[in-house]
1. State the number of residues belonging to the stretch B:114-131 that are part of a helix (DSSP H, G or I) and at the interface with chain A (Cβ under 7 Å from one of its Cβ atoms).
2. Kindly provide the set of residues from the stretch A:230-258 that are β-branched (V, I, T) and in contact (Cβ under 8 Å) with a residue 40 or more places away in the chain, ordered by number.
3. Which condition from (1) within 11 Å of chain A (Cβ to nearest Cβ); (2) surrounded by fewer than 23 Cβ atoms within 10 Å (Cβ to Cβ); (3) part of a helix (DSSP H, G or I) is the one that B:R184 breaks?
4. Take the conditions surrounded by 16 or more Cβ atoms within 10 Å (Cβ to Cβ), facing chain B (nearest Cβ under 10 Å) and out of contact with any His (no Cβ under 6 Å at 6 or more places or on another chain) and apply them to A:A200. Does it pass?
5. State yes or no: is A:L287 touching a Leu at 6+ places or on another chain (Cβ under 8 Å), at the interface with chain B (Cβ under 8 Å from one of its Cβ atoms) and closer than 19 Å to B:L128 by Cα?
6. Would you mind finding the one in A:T234, A:T303 that is more than 17 Å from A:I198 (Cβ to Cβ) and modelled with pLDDT under 85?
7. Go through the stretch A:290-319 and report how many residues are more than 10 Å from chain B (Cβ to nearest Cβ) and not aliphatic (A, V, I, L, M).
8. Kindly check whether there is at least one residue in the stretch B:169-176 that is charged (D, E, K, R), more than 11 Å from every other protein chain (Cβ to nearest Cβ) and in a helix (DSSP H, G or I).
Amino acid sequence: MRAALLLRLGQAALVVLLVVATCFALIRLAPGDPFFSALDESTVTPEQRAEQRARFGYDRPVVEQFVRYATNVARGEFGWSHSRGEPVSLALAATIPKSLLLVGTAFLLAFSVGTAIGAWQGWNRESLLARATDGVGLVLVSIPDFVLAVLALMGPALAWRLFPVGGMRTEFGPTGPAGVPDLLHHLVLPALTLAVPIAAVAARLQRAAMLGVRDADFVRAARARGASETRIVTRHALRNALVPVLAYAGVQFSALIGGVVIIEQVFDWPGMGRLMLGAVQARDYPLVAGAVLVSSLATVVGTMVADIALLWADPRQRGRP
Amino acid sequence: MGRSAAAGAPLTGRNPRVAIALLVLLVVVAIAAPWFAPSDPRAQPDLARIWEAPSATHLLGTDSAARDVLSRLLYGSRVTIGIATLAVLVSLTLGTLVGASAAVLRGVGDAVLMRITDAMLAFPRLLLVILVVAGTGDPGTFSLAILIGATGWMTTSRLVRQETRRLLATDHLRAARALGVPRRRLLTRHVLPGLAPTLAAAAVLSFAAAVPLETGLSFLGLGVRAPFPSWGNIIADADSRPLAHWWLVLFPTIAIALTVIAANVVAEGFARRAREDAASGGGA
C-alpha cells in the first residue's frame with residue numbers, strides 16, 4: 001500500500017514538474033518580448049531593452065531563470081498579466097471558485113447519475129429500455145462537448161427560454177443569499193452539458209462491470225442465502241462493480257478540466273477557462289501559463305484522489321505497480 | 001493499473017460493417033470534394049446574401065461572409081478528416097515506438113516509459129494543445145495535425161505494450177527466438193505483423209478522439225481559421241445567434257456526430273472481436 005502510494009506521489013510530482021517546465025518554455029519561447037509586445041518596437045532603444053531585460057532577470061542563464069520561475073510558482077506568484085493589468089494570481093483567484101462550482105457540480109452529477117443508470121442497464125440487460133438507453137449513451141459519448149453546448153443553447157435556452165443564455169448571474173439582480181436561486185438557474189445548463197458526456201462514459205463502464213458481476217459466484221451465493229434483490233445489488237454487486245468506474249474517475253476528471261474551458265466559453269461563464277482563452281487571444285503568456293498550471297494541479301490532485309480511492313476500494317490494486 | 005483508455009462496454013447488435021462503410025464514404029467525399037462542391041468554399045460571391053437559410057441556390061444556406069455552407073462542409077471534411085488521419089498516423093507511430101519498447105525492454109525501462117504514459121494520460125489534452133497553440137500563434141493545418149497526434153499516443157502505447165508482451169510469450173515467437181532469429185528481425189517480421197489488429201483498433205480509437213479535438217479547437221478559434229473551412233469553425237460562425245442561424249449548427253453537427261459514432265462503433269467491433277478471439281483460445 002505504501003509503495004503504491006509513494007509511486008502515485010512520485011508520478012504526480014513528475015507531472016507537475018513537466019507542466020511547470022512546459023509553461024516556462026511557453027513564456028520564454030513565445031514570439032515577441034514579454035515587455036514590449038504592447039509598445040512600438042521602434043521607439044525602444046536596444047539599451048532600454050537590455051536594461052529592462054536585466055531588471056527582470058532575462059539576461060541570466062536559462063537554468064537559473066527556470067529555478068526562479070519554479071520557486072515563484074511554488075509561492076503562488078505567476079507573474080504579471082499585461083492584458084488585465086493585475087498579478088496573474090489575483091486574476092486566477094477571482095475566477096477559480098466559479099470554475100470549481102461548475103466542475104464540482106458536473107462531477108457529482110455525472111458520477112451519481114451515470115453509475116446509477118449504468119448499474120440499472122447492466123442488471124436488466126435484457127430490458128428493451130436498457131438497450132435503447134445504451135444506444136443513446138453511444139451517441140452522447142460521440143458528440144463533442146462544444147456541440148452539446150451549442151445545442152443546449154439553441155433548445156432549452158433560446159427556443160424554449162427555460163434557462164438563461166449565459167453568464168453566472170442576472171445583471172443588477174439580487175446578490176448574496178437572495179441571489180442563490182438565480183445562480184443555480186444559471187448553473188443548470190453549463191453543468192448539465194459538462195456532465196452528460198462524462199455520465200455517459202461512467203454509465204457504460206458501470207454497465208460493463210455490472211454485467212461482469214451479475215453471474216459471479218458471490219452473487220449467486222448471496223441469492224442462495226435468501227438475500228433480497230435490493231441487498232444483492234447494493235451490498236454485493238454494486239460494491240464490486242464500482243472498482244472499474246473508480247479506476248476511470250481520474251481520467252474523467254482530467255476530461256472535465258479540459259471540457260470546462262469549452263463550456264465556459266459557450267455559456268459565457270466567468271471562470272478560469274474563459275480567462276485562459278481570453279489570455280490566449282491577448283497573447284498574455286504569463287496568464288495562460290498560470291491558468292494551465294492551476295488546471296493541471298487540479299487534475300493531478302483529482303487523479304491522485306481517485307487513485308487513492310481505488311487503492312482503498314480494491315486491495316488487489318495495492319500490490320501492483 | 002486497471003485503467004482502460006478504451007472507455008466502454010461491448011454493445012450487442014451494432015453492425016461495424018455499416019460503420020466502416022460510412023467511414024469509407026466520408027473519406028471518398030473528402031477526396032472528391034472538389035468535384036461535388038457547388039462552389040469554392042472561400043468564395044464570397046455576393047456579400048449582400050450573408051446568413052441566408054437553405055434554399056435552391058444554396059442548399060445548406062450561407063454563412064457570415066456569404067460563403068456556401070454546403071461547399072464549406074464538403075471541403076471541411078477534407079480538413080477535418082485529413083487532420084484527424086495525419087494525427088492518427090503520428091499517434092500510431094509514437095505509441096507503437098513507446099509501447100513496443102516498453103514491452104521489449106521490461107524492468108526499469110518499461111516502468112519509466114509506462115509512468116510517462118500514465119502522466120501524459122492524466123493531463124488534459126486540450127490544455128496541452130492550447131498551451132502550444134498560444135506559444136506559436138497560428139500553428140497552421142499541418143502543425144495542428146502533428147500537435148494533435150503528439151498529444152494522443154498514450155492509448156496506443158498501452159495497447160501495443162500489452163499486445164507485444166502477449167505476442168513475445170507465444171510459442172511461435174519463442175520458437176523463432178530459440179532458432180536464433182536476431183532481435184530486430186524478430187520484431188519486424190514476427191511481432192509487427194501480429195500487432196496489426198491492435199494497431200487498427202488503436203487507429204480507430206485515436207481517430208474518434210482526434211475529430212472532436214480538432215473541431216473543438218477550430219470552434220474556439222484556435223485550430224483551423226477562417227476562411228479555411230473545418231466542421232468546427234462552421235459552427236463557430238453561428239455562435240452569436242445559433243438559433244437564428246441553425247443551419248450553420250445542424251449540418252456540421254450531423255457530420256461530426258456520424259463520423260465519431262461510426263468510429264466508436266468500429267472500435268467496439270474490434271474490441272469484441274479481440275475478446276472473442278481470446279475466449280476461443282486464440283492467445284496463449
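1. Of the residues in that region, 10 qualify.
2. Correct list: A:V233, A:V243, A:V245, A:V251, A:I257.
3. Against the list (1) within 11 Å of chain A (Cβ to nearest Cβ); (2) surrounded by fewer than 23 Cβ atoms within 10 Å (Cβ to Cβ); (3) part of a helix (DSSP H, G or I), B:R184 comes up short only on (1).
4. So A:A200 fits the description; yes.
5. No, not satisfied.
6. Result: A:T234 is the single residue among A:T234, A:T303 that is more than 17 Å from A:I198 (Cβ to Cβ) and modelled with pLDDT under 85.
7. Qualifying residue count, the stretch A:290-319: 5.
8. Yes - at least one qualifying residue is present in the stretch B:169-176.
The values are calculated or read from the model by the stated rules, or taken from the named source; none is laboratory data. The structure presented is a predicted model; accordingly, all values stated were derived computationally and were not measured. Positions of Cβ are generated from backbone atoms using ideal geometry, with glycine treated the same way; all protein chains shown enter the neighbour counts.
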